[in-house]
Amino acid sequence: MYGKAAICLTFVILFLISCSIYVGTVDLRSYFFPLLQSPPVPPLSLCATDRPLRVYMYDLPRKFHVGMMDPRSSEEGGPVTMENLPPWPSNSGIKRQHSVEYWLMASLIYGRDGEEEREAVRVSDPETADAFFVPFFSSLSFNTHGHNMTDPETEVDRQLQVELLEFLQQSKYYQRSGGRDHVIPMTHPNAFRFLRQQLNASILIVVDFGRYPKNISSLSKDVVAPYVHVVDSFTDDDPPDPYESRTTLLFFRGNTVRKDEGKIRVKLAKMLAGSDDIHYEKSVATPNNIKMSTEGMRASKFCLHPAGDTPSSCRLFDAIVSHCVPVIVSDRIELPYEDEIDYTEFSIFFSMKEALEPGYLVNQLRQFPKDRWVEMWRRLKHISPHYEFQYPPKKEDAVNMLWRQVKHKLPGVQLAVHRSRRLKVPDWWQRKR
């Protein structure tokens, strides 16, 4: 009797085990054959997910960032938070155009609700970070600590760069990737001028490549940012007939004495003189002149953007937020977010050679179809929020667009890091073949 009961019980137990194995609730391999277990599935690449970029921001002393905005702030202790972040000075004038570094830092400090609308969020644990942000205001440092190399104040800028480089080289996270996953803003052409070469592996935030050799900065690894516009945004641009309401055909107001490609400005001044509906004026950036430029752009159909000391300038982005169709004259310009935005939908491009052909540029503008111009004007109104730097940040504004651009660069970073770990000799792709 007991034997039959034992046999029945054994049969029931074997039956239950068989069912468990079939439905997958019990994995006997994990008990008896641990080496046959499947390895854990690695996490998906960041670009294969829709989650925000996780960014670790180094906690640098205030002298590297907000302390340059207010000397009193540099003496305060403790980290910069939402409660004590100083606003960008309203009287900063032309310095505002290079303030991308401030707005990127501010976007990470902002920690309130709305994470689902943000492209990047700050993390406190560097082990969980996708990228590392270095909050050094290198452009403001150049503007604050002496422009001329012989100026004694320049030594302050150089010393900040030396201290920052020493700090990064001691960071195990910088060492781990060789700095490749570190994001460093350098939007002024002379930003980080002394030791720029030492950071050539990092993701640099630049406005163009005019002052950067190819071994330091390139489109493949770096992010092109817009200048921060200095004119006020045109928020109530809704006339019955926008084309006829803008009586000036072509507008330019700015410095006409420039280097490199910018030498074309003097030539254009002579070529465009004498037309009543063309406004081409030499000026410098003062508060009153910025106000006059705001009014002039809003009253113009086309805004001229010739190259300056470097291929790009703030004027292009002033035109965009003024809904004035940009006329871009440069052979070497690179533009922000160009993997997402087609600039030919709202801008007109001329080569240097075309622009210097007598009458060619103006004739093209005079013959430009009204309906096509109106389409461009509408497109400018639609995309202009992508060029707004603001705090708190808003969905699809400039900082969120830039963080998404950084996200796009990370697969290349991961490729470079993984290859560097297994290469036993210098990269053969760099050799002459």
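The values are calculated or read from the model by the stated rules, or taken from the named source; none is laboratory data. In this text, all values refer to a predicted model and were calculated from it rather than measured experimentally. All Cβ positions, glycine included, derive from the backbone under ideal geometry; neighbour counts span all protein chains shown. Surface accessibility is based on the protein's heavy atoms, side chains included, excluding ligands, DNA and RNA. Shrake-Rupley method; radii C 1.70, N 1.55, O 1.52, S 1.80 Å.
Lys and Arg at +1, Asp and Glu at -1: add these up for the other residues within a Cβ distance under 14 Å of Ser92 and post the number.
Values: positive: Lys95, Arg96; negative: Asp70, Glu101.
Surrounding charge for Ser92 is 0.
Surface composition of region 141-222: carbon and sulfur atoms hold 52% of the protein heavy-atom accessible area at a 1.4 Å probe. Take the alpha carbon gyration tensor of region 319-417, find the square roots of its eigenvalues, order them as a ≥ b ≥ c, and report rounded if a/c is under 1.5; if not, report prolate when a/b exceeds b/c, else oblate. Judged from the Cα gyration tensor, region 319-417 comes out oblate (a/c at least 1.5, b/c at or above a/b). The reciprocal of the average 1/r between distinct C-alpha atoms defines the Kirkwood hydrodynamic radius, which for region 93-205 equals 15.2 Å. Ligands, DNA and RNA are left out, and with a 1.4 angstrom probe the accessible area of region 277-426 is 45 Å² per residue. Distance between the C-alpha centres of region 165-230 and region 304-321: 22 Å, rounded to the whole angstrom.
Under Stokes-Einstein, with the Kirkwood radius over Cα pairs as Rh, the value for region 210-260 at 10 °C and 1.306 mPa s is 100 µm²/s. The overall shape of region 260-341, judged from the alpha-carbon gyration tensor, is oblate: a/c is not under 1.5, and a/b is no greater than b/c. When region 306-433 is described by a simple charge dipole with +1 on each Lys and Arg Cβ and -1 on each Asp and Glu Cβ, the residue from Trp377, His408, Ser313 located farthest towards its positive end is His408. With 19 Å as the limit, write out which pairs from Lys267/Lys353; Lys270/Lys370; Lys263/Lys353; Lys291/Lys395; Lys63/Lys394; Lys95/Lys291 have Cα-Cα distances beyond it, or answer none. Result: Lys270/Lys370; Lys291/Lys395; Lys63/Lys394 exceed 19 Å. Semi-axis lengths, largest first, of the ellipsoid equivalent to region 152-287 are 41, 19, 15 Å, with √(5λ) applied to each eigenvalue of the Cα gyration tensor.
Peptides 333-345, 310-322, 190-202 ranked from most to least packed give 310-322, 190-202, 333-345, packing being the mean of other C-beta atoms within 10 angstrom over each peptide's residues. Taken about its Cα centre, region 249-344 carries a charge dipole of about 620 debye when Lys and Arg each add +1 at the Cβ and Asp and Glu each add -1 at the Cβ. Close amide H contacts of Ala120 (hydrogens built in the peptide plane, cut-off under 5 Å, sequence separation of 5 or more or a different chain): Leu53.
Highest-first packing order for the peptide set 346-355, 133-142, 170-179 is 133-142, 346-355, 170-179, based on the mean count of other beta carbon atoms within 10 Å. What the phi angles of region 122-128 give under the Karplus curve with 6.51, -1.76 and 1.60, with θ = phi - 60°, is a coupling list of 7, 10, 8, 9, x, 5, 9 Hz, glycine and proline written as x.
According to the calculation over all Cα-Cα pairs in region 149-228, the P(r) per 5 Å bin from zero is 3, 15, 25, 23, 19, 12, 3, 0 %.
Close amide H contacts of Tyr58 (hydrogens built in the peptide plane, cut-off under 5 Å, sequence separation of 5 or more or a different chain): Phe133. Residues whose amide H falls under 5 Å from that of Cys303, counting only those 5 or more places apart or on a different chain, are Phe251, Val325, Val327, with hydrogens built in the peptide plane. The portion of the accessible surface of region 363-407 made up by carbon and sulfur, rounded to a whole percent, is 47 (1.4 Å probe; DNA, RNA and ligands excluded).
Over all other residues within a Cβ to Cβ distance under 11 Å of Leu204, the charged ones net out to +2, with Lys and Arg as +1 and Asp and Glu as -1.
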